[in-house]
Amino acid sequence: MVPSFCGDKPYYDPQTQLLTLHKLDFDLDTKNKLVKTANWLLHGTLVRKMQEAFKIPVGKQLEEAKITIQNQLNNKQVAKGIYLNGQLDELTPAGVMITPESIVAIVLAKGKVDVKIAGLQ
């Protein structure tokens, strides 16, 4: 008896800075009537408990990413004679996708970047 899970895409809540699943659902692939009855009785409770348990705080990771990106924007030489200077003001999650290997976040960055090209006449 192997449960299979399905539901909506993960959702990032900017207020709580948590990654959650909504409308989680499951079914049990079996012919056993007792298991089907237990599935019917426990389905709602188990789904609610799983939804409550699947919350991933990402606020700390966003702050760490912002610091790392900002450090890369401080007089960073990206090629010979080409330098970046910038200010990252904001990182905002814009979406979440599930792949077979991972959970991928789409993040929007807001700020300013100056590019200095040295040696041009």
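Mind checking which residues of the stretch 38-71 are over 28 Å from Thr16 (Cα atoms) and either among the β-branched types (Val, Ile, Thr) or surrounded by 11 or more Cβ atoms within 10 Å (Cβ to Cβ) (or both)?
Ala38, Asn39, Leu42
Given the condition loosely packed, with under 13 Cβ neighbours inside 10 Å, free of Cβ contacts under 8 Å to residues at least 40 places away in the same chain and within 21 Å of Asp13 (Cβ to Cβ), answer yes or no: does some residue in the stretch 85-94 qualify?
Looking for residues that are loosely packed, with under 13 Cβ neighbours inside 10 Å, free of Cβ contacts under 8 Å to residues at least 40 places away in the same chain and within 21 Å of Asp13 (Cβ to Cβ), one finds at least one in the stretch 85-94, hence yes.
Tell me the strands (runs of 3 or more DSSP E) entirely within the stretch 1-85 that contain at least 3 residues that are at pLDDT below 85, touching a Phe, Trp or Tyr at 6+ places or on another chain (Cβ under 7 Å) and not aliphatic (A, V, I, L, M).
3-6
All but one of (1) farther than 29 Å from Lys9 by Cα; (2) without any contact (Cβ under 8 Å) to a residue 40 or more places away in the chain hold for Val113; state the number of the condition that does not hold.
Of the numbered conditions (1) farther than 29 Å from Lys9 by Cα; (2) without any contact (Cβ under 8 Å) to a residue 40 or more places away in the chain, the odd one out for Val113 is (2).
Any idea which residue in the stretch 42-61 is farthest from Ala105 (Cα to Cα), counting only those that are of a type outside the set (Gly, Ala, Ser) and in contact (Cβ under 8 Å) with a residue 24 or more places away in the chain?
Met50
The values are calculated or read from the model by the stated rules, or taken from the named source; none is laboratory data. Just so it is clear, the model here is predicted, and its values are computed rather than measured. Counting neighbours? That spans all protein chains shown, and the Cβs are built from the backbone with ideal geometry, glycine included.
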